[in-house]
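Q: Got a structure for you, written out below as structure tokens; questions coming shortly.
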Amino acid sequence: MPAGRKAVVAGHSMGGMTIMASGPRATFKEKVAAVLLTNTGCTELPDRSTAIPLPGPLGKVGAKVFLTAPLPLGPANAGSASVLRYLVMGKGSSPAAKRLCARLVHECGGVARGEWGRVMTRLHLDDAVREIAVPTVVVGGDEDKLTPPWHAHHIGGLVQDPVEVRVIPGLGHMGPLEAPATLAELVGKLAANHITEDTTA
């Protein structure tokens with residue numbers, strides 16, 4: 001980023017968690033003009049997940065196992081694709097988005113996925129999120145089982161300048177694949193409103 005300029009930063013899921021963790025950093029405060037967070041959470045991730053349809057504590061244990069198990073997701077076939085669609089995508093997702101999502105997920109190694117899952121089971125970023133003072137848009141999906149809408153509202157209640165908390169009907173967890181035009185429009189509005197030629201750090 002050139003000296004004297006700022007950026008709009010946007011993050012989905014783990015990318016959003018990375019942005020939130022950066023909230024207290026001096027470089028973040030110096031260089032970030034606005035933030036968009038989509039399908040993400042900063043705390044209570046296994047506890048709030050509805051991906052494993054089991055009651056009470058069993059659902060929480062199931063979510064933790066799903067997040068942390070360093071196992072392959074099975075062969076990329078119709079059966080595994082159906083399970084994946086149920087877990088991470090809205091029912092109205094396009095066939096192209098479903099195919100791309102399946103390819104991305106199957107190409108992620110089990111060990112790396114499991115290790116990051118362990119991070120998420122211990123994630124508590126509320127204090128870091130409270131340090132985000134720039135205009136922030138938070139997006140969730142009402143069919144997101146991994147980071148249900150509770151997370152969007154929770155984050156919106158922590159940041160200092162919540163521009164909007166939007167829960168999109170029919171959206172699952174893969175916002176950038178399921179609703180790219182909506183997210184691009186929101187990022188564009190943040191840039192138009194908060195980035196100017198004379199923006200100084």
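Q: Before we move on, is residue 155 closer than 26 Å to residue 23 by Cα, in a helix (DSSP H, G or I) and in contact (Cβ under 8 Å) with a residue 12 or more places away in the chain?
A: Considered against the rule, which asks whether it is closer than 26 Å to residue 23 by Cα, in a helix (DSSP H, G or I) and in contact (Cβ under 8 Å) with a residue 12 or more places away in the chain, residue 155 comes out as yes.
Q: When the residues of the range 77-92 are filtered to those that are modelled with pLDDT of 85 or more and small (Gly, Ala, Ser), which remaining residue is surrounded by the most Cβ atoms within 10 Å (Cβ to Cβ)?
A: Restricting to residues being modelled with pLDDT of 85 or more and small (Gly, Ala, Ser), the top hit is 90.
Q: Taking the criterion of being outside the structural domain of residue 84 (by TED's automatic domain parsing), at pLDDT below 95, surrounded by 17 or more Cβ atoms within 10 Å (Cβ to Cβ) and at negative phi, would at least one residue in the range 131-146 satisfy it?
A: Taking every residue of the range 131-146 in turn, at least one turns out to be outside the structural domain of residue 84 (by TED's automatic domain parsing), at pLDDT below 95, surrounded by 17 or more Cβ atoms within 10 Å (Cβ to Cβ) and at negative phi.
Q: Right, here's the next one. Given (1) surrounded by fewer than 16 Cβ atoms within 10 Å (Cβ to Cβ); (2) assigned to a helix (DSSP H, G or I), identify the lone condition not met by residue 183.
A: (1) is the only condition that residue 183 fails.
Q: Name the residue that is surrounded by the most Cβ atoms within 10 Å (Cβ to Cβ), counting only residues in the range 93-130 that are outside any helix (DSSP H, G or I) and at pLDDT 85 or above.
A: 125
Q: Also, quick follow-up: Which numbered condition in (1) assigned to a strand (DSSP E or B); (2) farther than 13 Å from residue 134 by Cα is the only one that residue 36 fails?
A: In the conditions (1) assigned to a strand (DSSP E or B); (2) farther than 13 Å from residue 134 by Cα, residue 36 misses (2) alone.
Q: Ok, one more. Say we look at the range 158-196 and pick out the residues that are in contact with a helix residue (DSSP H, G or I) (Cβ under 7 Å, 6 or more places away or on another chain) and either outside the structural domain of residue 20 (by TED's automatic domain parsing) or without any contact (Cβ under 8 Å) to a residue 40 or more places away in the chain (or both); which of these is farthest from residue 133 (Cα to Cα)?
A: 168
The values are calculated or read from the model by the stated rules, or taken from the named source; none is laboratory data. Not measured: the values here are computed from a predicted model. Every residue, glycine as well, gets a Cβ built from its backbone with ideal geometry; the counts of neighbours run over all protein chains shown.
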